[in-house]
2 protein chains.
Amino acid sequence: MKFVTQQEAIAIDEMFFSECSYSVDQLMELAGQSVAHVVFEHHKEARKVLIVCGPGNNGGDGLVVARHLHFFGMNVEVYVPKVGKSVLLQKLVEQLKMLGIPTTTSFVMKETLDQMCASSDVIVDALFGQSFRTPANDTFQEVIDSMIRSNRPVVSIDVPSGWDVEKGDIAGNGLRPEILVSMAAPKLCSQTFSGIHYLGGRFVPKIVSDRFGLTNPVFPANSLFIRL
Amino acid sequence: MKFVTQQEAIAIDEMFFSECSYSVDQLMELAGQSVAHVVFEHHKEARKVLIVCGPGNNGGDGLVVARHLHFFGMNVEVYVPKVGKSVLLQKLVEQLKMLGIPTTTSFVMKETLDQMCASSDVIVDALFGQSFRTPANDTFQEVIDSMIRSNRPVVSIDVPSGWDVEKGDIAGNGLRPEILVSMAAPKLCSQTFSGIHYLGGRFVPKIVSDRFGLTNPVFPANSLFIRL
């Protein structure tokens with residue numbers, strides 16, 4: 001199975017939005033939705049799901065996860081300490097507030113975040129994705145540290161936060177998720193991941209697979225995700 | 001169960017894009033996707049699915065259906081005789097061409113359309129939706145007539161094409177779909193529909209339901225559609 005480098009991952013995204021004519025709204029919707037289905041599959045009994053979102057597109061995926069879980073009837077809370085500037089990210093946050101989902105949009109004291117984590121049965125890690133460069137700055141490392149301290153099962157989107165996209169958790173201060181949902185193609189770092197690994201985002205055209213030599217498995221029937 | 005008027009349906013859409021901060025890209029993606037899942041559920045063995053798309057947002061939903069069915073491994077063909085002018089609709093068509101899906105973007109002779117219908121096992125009717133006012137002009141009525149003549153099972157999105165949105169098939173020249181997938185809330189006309197009726201589009205916030213007195217059933221688990 002082909003695992004992609006950081007540069008390839010970024011080039012694939014660029015191809016999605018240029019040659020493939022996809023919009024970010026579309027793919028973020030499908031990416032986040034597939035993660036929501038994975039979370040539901042494994043943790044439908046959770047009394048609360050905390051979704052921790054970063055300022056970029058990985059965080060955007062997380063905002064979409066929160067909305068879909070809400071519509072599945074789950075109890076969700078969102079922590080997005082720094083909201084990205086794009087219109088889409090701003091609107092995704094507004095959607096959550098409109099739905100009445102508790103959404104914190106600025107940094108909180110670590111004790112407060114610890115409490116948010118402790119009151120949740122599962123955490124979705126949408127902090128950093130394929131564009132991340134180690135190390136995280138101190139403020140975001142504290143967010144990662146809170147998630148680790150909580151000992152809650154974590155579902156990471158695309159890349160476990162704190163990990164180098166290619167080399168994995170080289171600094172030893174990244175998350176140890178229970179579940180990883182890779183998007184479009186697994187990144188190199190996921191070769192060192194020993195938890196439950198899914199592929200989501202059922203929208204990769206053949207011209208992209210061919211160009212990058214992807215060898216993703218075929219999704220079964222109309223499933224939105226596949227176990228790797 | 002509450003069935004909405006044409007004016008209510010249009011007002012609900014307006015509320016989605018203003019107060020609810022949704023983008024058309026998002027909701028069209030989710031609407032089309034839910035229809036694709038219904039088609040797959042009922043017609044996964046179809047050798048070919050013809051998707052007939054109009055120039056508006058109902059047509060856009062159809063373009064999304066085509067893409068998802070393609071990713072489910074189904075053989076699809078698209079007839080969109082008049083492509084809407086919005087960037088989104090143009091991009092949705094480009095996506096289909098990029099995927100290698102046969103997509104006809106101008107009016108063809110009725111014999112040609114008859115042939116397209118005859119070579120398909122099922123037809124998705126995405127011609128007209130909640131904004132439609134009877135009667136269809138002659139050119140589009142011919143498209144409807146071809147679908148009727150084909151005797152193929154039809155899956156209509158939101159409103160069977162040719163029907164008055166409130167009064168149903170008053171002119172007697174509309175489609176008689178096997179399946180109707182209502183979006184967000186069933187329209188008044190669907191009270192006279194005796195086929196298989198689903199509700200799709202799992203994205204209606206409580207503030208919308210409350211404002212319009214919707215009494216939609218609760219979707220089961222993480223299902224993308226529900227039988228009415």
Which numbered condition B:G32 misses (of (1) within 19 Å of A:G201 (Cβ to Cβ); (2) buried (at least 20 other Cβ atoms within 10 Å of the Cβ); (3) touching a Phe, Trp or Tyr at 6+ places or on another chain (Cβ under 8 Å)): (3)
Every residue in the range B:150-159 that is surrounded by fewer than 24 Cβ atoms within 10 Å (Cβ to Cβ) and part of a loop (DSSP other than H, G, I, E, B), please. B:N151, B:R152, B:P153
Evaluate the following for A:V143: is it aliphatic (A, V, I, L, M), within 18 Å of A:E8 (Cβ to Cβ) and outside any strand (DSSP E or B)? no
Matching option when the condition is modelled with pLDDT of 95 or more, surrounded by 15 or more Cβ atoms within 10 Å (Cβ to Cβ) and of a type in the set (K, R), among B:K97, B:K82, B:K167: B:K82
Filter the range A:177-218 for residues that are modelled with pLDDT of 95 or more, under 14 Å from the mean Cα position of the chain (by Cα) and assigned to a loop (DSSP other than H, G, I, E, B) and give the result. A:P177, A:E178, A:A184, A:A185, A:P186
Quick one: would you say B:G162 is part of a loop (DSSP other than H, G, I, E, B), away from chain A (no Cβ under 14 Å) and in contact (Cβ under 8 Å) with a residue 24 or more places away in the chain? yes
Members of the range A:120-142 that are touching a Lys or Arg at 6+ places or on another chain (Cβ under 6 Å) and of a type in the set (S, T, Y): A:S120
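More than 15 Å from B:V35 (Cβ to Cβ) and either buried (at least 21 other Cβ atoms within 10 Å of the Cβ) or touching a residue at least 24 places away in the same chain (Cβ under 8 Å) (or both): is that true of B:L127 in this structure? Can you show your working first?
Working: more than 15 Å from B:V35 (Cβ to Cβ): no; either buried (at least 21 other Cβ atoms within 10 Å of the Cβ) or touching a residue at least 24 places away in the same chain (Cβ under 8 Å) (or both): yes.
No: the conditions fail for B:L127.
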Single residue of the range A:219-228 satisfying the filter (under 21 Å from the mean Cα position of the chain (by Cα) and either of a type in the set (F, W, Y) or within 14 Å of chain B (Cβ to nearest Cβ) (or both)) that is surrounded by the fewest Cβ atoms within 10 Å (Cβ to Cβ): A:S223
So which of B:S190, B:S194 is crowded, with 20+ Cβ neighbours inside 10 Å and more than 22 Å from B:V64 (Cα to Cα)? B:S190
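Please give the helices (runs of 4 or more DSSP H) falling wholly within the range B:1-109 in which 3 or more residues are more than 9 Å from every other protein chain (Cβ to nearest Cβ), within 21 Å of B:I196 (Cα to Cα) and within 17 Å of the chain's Cα centre (by Cα). Explain how you work it out, then say what you get.
Values: elements: B:6-17, B:24-43, B:57-71, B:87-98.
Correct list: B:24-43, B:57-71.
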Would you pick out the residues in the range B:165-176 that are part of a loop (DSSP other than H, G, I, E, B), in contact with a Cys (Cβ under 7 Å, 6 or more places away or on another chain) and not β-branched (V, I, T)? B:E166, B:K167
Could you run through the range B:137-161 and say how many residues are under 25 Å from B:G200 (Cα atoms) and either touching a Gly at 6+ places or on another chain (Cβ under 7 Å) or among the charged types (D, E, K, R) (or both)? 7
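The values are calculated or read from the model by the stated rules, or taken from the named source; none is laboratory data. Nothing here was measured: the structure is a model prediction, and the numbers come from that model. Every residue, glycine as well, gets a Cβ built from its backbone with ideal geometry; the counts of neighbours run over all protein chains shown.
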